[in-house]
Structures are given as structure tokens and as C-alpha cells.
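Enquirer: Can you keep this structure in mind? I'll have questions shortly.
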Amino acid sequence: MRVYRIILILLFISLGISGCKRKTIEEEFYKTHKKEGQKIIYQGSVMKRPFILYKAPFDNGNIGIGLAIFEGDDAKGWKTEFIKCNV
């Protein structure tokens, strides 16, 4: 019975750790960009650095283009490194 408890505890710990990271770039993007109307236009990479170009609506009604650069990988999770938005 004790072995089953230890296995169950290790299973919950491993699921908790793996659930903390975001598996895809899109999940990281939409987590950090919660504003309504933001839509991914293009996704690519330059020199193994993935980036996203996205449509970014402003409060005054204008629509701009934003750039988000990411670091990480699918195994370790993704993190937004740089965000720039222009009208």
C-alpha cells in the first residue's frame, strides 16, 4: 500500500511540474497578450529564434502590427522575450 502512495504522489508532482510550462508558442502568446482582438498574422523563425507578427488593436480604435520574440523550446516551455507594437 505504501508503494502505491509513493507512486501516486510522484505522479501528481510530475503532472504538476509538466502543467506549469506552455507547450506551444501560441499558448504563451495568448497568455501574455490577453487583449481582445489580437490575432496572429504570421509565425516564423530567424536564426532559430521564433517570432510572431500579430494584429494589435489600440484603445483609440487604430490597428497596429506587433512583434513578439520567444525563447525556449517545446520540451522546456516558451517565454516571451521581446514585444514591440507600432501603428
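Enquirer: Highest first, please rank the peptides 58-66, 72-80, 25-33 by the mean number of other Cβ atoms sitting within 10 Å of their residues.
Expert: The densest-packed peptide leads the list: 25-33, 72-80, 58-66.
Enquirer: Quick query: amide H of residue 56 versus all other amide H atoms, modeled in the peptide plane; which residues come in under 5 Å with a sequence gap of 5 or more or a different chain?
Expert: Sorted by chain and number, the residues that satisfy this are 64, 65, 66.
Values in this text are rule-based calculations from the coordinates and carry no lab data. Bear in mind that the values here come from a model prediction, so they are computed numbers and not experimental data. Positions of Cβ are generated from backbone atoms using ideal geometry, with glycine treated the same way; all protein chains shown enter the neighbour counts.
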